[in-house]
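Any read-out appearing in this document is the output of simple, stated calculations on the displayed coordinates, not a laboratory observation. All figures in this text were calculated on a predicted structure; none of them were measured in a lab. Cβ placement follows ideal geometry from the backbone for every residue including glycine, while neighbour counts extend to all protein chains displayed.
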Amino acid sequence: MNKLASLALLALLLFAAAARASAQCPSGCLFYGGDFDPNNPNANGLSNENDAIVGGNPYGAATYQNFVSGEAWNITGLFTNNLSTLTPSGGYREIRSGVSEGNGGTLIASGTESGGNFSQAPTGRSGFGYTEYTDLVTGLNVNLSPDMYWEAVVPICRTCEARAYNSNSLEGLNAVGTQVSDQQFFNSLFLENFTNADNEGVFPTFSSGVLGTEVPEPSSLLMLGSGLVAAASAVRNRSRRNQ
């Protein structure tokens with residue numbers, strides 16, 4: 001492929017990436033439940049933490065946000081936005097399928113990330129006397145086929161006498177991708193067993209997200225390759241005529 005055709009393809013890819021990242025979601029965003037709105041009187045947060053107050057192994061309390069992958073996805077990162085006073089050392093993460101009331105479904109992937117694979121950064125929002133932070137785990141390599149899944153990221157600070165609450169997004173402001181409202185779940189090692197989050201308050205969707213890339217099907221790759229070859233051939237022929 002000559003230089004002109006390569007630049008054209010790069011421009012298209014950058015445009016697609018910019019469109020995804022335009023919402024309040026990190027680069028590579030495949031799904032985002034939406035922003036917390038501190039001006040909404042029904043805005044709230046639900047316990048999502050592993051600390052000295054709500055502790056356990058591998059977490060004390062966790063929220064589960066659903067997302068729908070219409071294509072095959074390779075997941076590289078997950079995050080939750082939490083109203084928090086924790087200074088976490090890492091984050092526990094899960095992806096599940098088939099979750100329902102009282103049923104955790106099937107655990108697809110799980111683990112604890114720390115060091116360079118975990119970060120916490122303020123979102124610029126706050127509420128109820130708490131600052132909101134994005135707790136992000138990266139370095140993942142999880143392949144998902146088209147389906148509905150649930151994800152959790154729980155910030156960890158086992159010695160912190162502090163709290164963390166996954167922010168809700170009542171109206172899906174700046175949301176990215178597809179989800180099913182009012183089908184989020186809450187699991188506590190001491191109190192609840194995968195109960196619908198709306199049983200705990202008004203939680204149609206959480207401010208949580210998924211990072212990664214879409215994986216084209218083989219037929220799509222073949223069509224893309226054929227298109228690129230045709231585009232490169234057209235550019236070469238045009239260059240020869242202009243010589």
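Quick notes
- When each of the peptides 41-54, 191-204 is scored by the mean number of other C-beta atoms lying within 10 Å of its residues, the order from highest to lowest reads 41-54, 191-204.
- In terms of the mean number of neighbouring beta-carbon atoms within 10 Å, the peptides 27-35, 206-214 order highest first as 206-214, 27-35.
- Judged by the ratio a/c of the largest to the smallest principal axis of the C-alpha gyration tensor, the stretch 93-218 counts as rounded, that ratio being less than 1.5.
- Cα gyration tensor category, rounded, prolate or oblate, for the stretch 19-71 with a/c compared to 1.5: oblate
- For E171 and S27, the FRET efficiency from 1/(1 + (r/R0)^6), where r spans their Cβ atoms and R0 equals 25 Å, is about 0.55.
- For G104, neighbours were defined as the other residues whose beta-carbon sits under 10 Å from its Cβ, and their charges (Lys and Arg +1, Asp and Glu -1) total 0.
- Here the gap between S181 and N199, fully extended at 0.36 nm per residue and compared with their Cα-Cα distance, gives a gain of 5.1 nm.
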